[in-house]
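Asker: Next up is a structure, given as structure tokens.
The values are calculated or read from the model by the stated rules, or taken from the named source; none is laboratory data. Computed from a predicted structure; not experimentally measured. Methodologically, a virtual Cβ is constructed for each residue, glycine included, from the backbone with ideal geometry; neighbour enumeration extends over all protein chains shown.
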Amino acid sequence: MSHEFEMSLVGELSYFLGLQIRQLDDGIFITQVKYAKNLVKKFCLENAKHCDTPMSTTLKLRKEASGKSVEQTLYRGMIGSLLYLTASRPDISFSVGVCARYQADPKESHLSSVKRIIRYVNGTSNYGIWYSFDTDASLVGFSDADWAGNCDDRKSTSGGCFFLGNNLVSWFCKKQNSISLSTAEAEYIAAGSGCTQLLWMKQMLVDYGFNQGTLTLFCDNMSAINISKNLVIGGNDRRPGRRMKPPFESRGLWIKSAVSWPPIENADTPRNGSNKVSLAAPIT
């Protein structure tokens, strides 16, 4: 780049836009410790009790017509601050995304959930992402779905993470556009979103000179896997593609063709004590 642009050497990168970068002999650690502590102090929760999880496993947030409203400016400020923290904290992405849905008319229950996330951040402010040098350049993705997790419209949430070797390089968490009638349908749509991201990342790696062969997407729902491999489009497996709105309306049929081209890899892979089936999407 020095041949094309006028540059000056100022040493190794250690701090950039709130990101703290520690460059070690065996890898790079990216964190937002300073930003996280300032966030907790900004909302006067530095002395509050820490939480072990960012969100309750039993409480479901929903719209409340009769609940007590809270100040929108305060609530939106908390959400905005937490959204920037998700740049290095994928563990709070889902929780922040759920709370962000109620910015139009936040209630006390919503504010309490946001404060819980901040109290969790206060106890885990030193968390970050570790990028190891001891890895390869194989691209792997994982997809999952929270079926009917939204209590207001019964829509599911798609989630996925993508690894380059042993390093986490991308993740997403997004509410689906259609209402899924089964867990298989929700997982099927999530797998389509994950496949889309994998293909984009594959093309980007090709531009940098890293060619990828067969792409692997892990899914933990056998019904969704079997639907994606079945070339016969029946009445049940046609629903995901038919009911989704543009530009996602063709994803149901597209993922079928993606995983049906040879060679196809299908293997039970034990990961963290559970069996997950890996589907290869060998798309050039």
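Asker: Counting only residues that are surrounded by 13 or more Cβ atoms within 10 Å (Cβ to Cβ) and outside any loop (DSSP other than H, G, I, E, B), how many does the stretch 39-73 have?
Answerer: Residues flagged as surrounded by 13 or more Cβ atoms within 10 Å (Cβ to Cβ) and outside any loop (DSSP other than H, G, I, E, B) within the stretch 39-73 amount to 4.
Asker: Another question, then. Could you list all residues from the stretch 95-151 that are touching a helix residue (DSSP H, G or I) at 6+ places or on another chain (Cβ under 7 Å), over 20 Å from Gly80 (Cβ atoms) and among the small types (Gly, Ala, Ser)?
Answerer: Result: Gly141, Ser143, Ala145.
Asker: Regarding Val40, is this residue of a type in the set (Val, Ile, Thr), closer than 25 Å to Ser158 by Cβ and touching a helix residue (DSSP H, G or I) at 6+ places or on another chain (Cβ under 8 Å)?
Answerer: The answer is no for Val40.
Asker: Cβ-Cβ distance below 6 Å, separation of 6 or more or different chains: which pairs start in the stretch 38-66 with a residue that is on the phi < 0 side of the Ramachandran plot and end on one that is of a type in the set (Phe, Trp, Tyr)?
Answerer: Cys51/Tyr120; Pro54/Tyr120
Asker: Let me ask something additional. Under 9 Å between Cβ atoms, at least 6 apart or on separate chains: pull out the pairs that start in the stretch 87-113 with a residue that is closer than 20 Å to Thr157 by Cβ and among the acidic types (Asp, Glu) and end on any residue that is in a helix (DSSP H, G or I) and modelled with pLDDT of 95 or more.
Answerer: Close Cβ pairs (under 9 Å, with a partner that is in a helix (DSSP H, G or I) and modelled with pLDDT of 95 or more) amount to Asp91/Tyr120.
Asker: Hey, another quick one. Going residue by residue through the stretch 97-119, is there one that turns out to be hydroxyl-bearing (Ser, Thr, Tyr) and closer than 30 Å to Ile21 by Cβ?
Answerer: No, that holds for no residue.
Asker: Let me ask something else about it. So which pairs qualify, if the first residue must be in the stretch 4-26 and under 29 Å from Ser81 (Cβ atoms), the second must be at pLDDT 80 or above and exposed (fewer than 10 other Cβ atoms within 10 Å of the Cβ), the Cβ gap must be under 9 Å, and the two must be at least 6 apart or on different chains?
Answerer: Ile21/Glu12; Ile21/Tyr15; Gln23/Glu12
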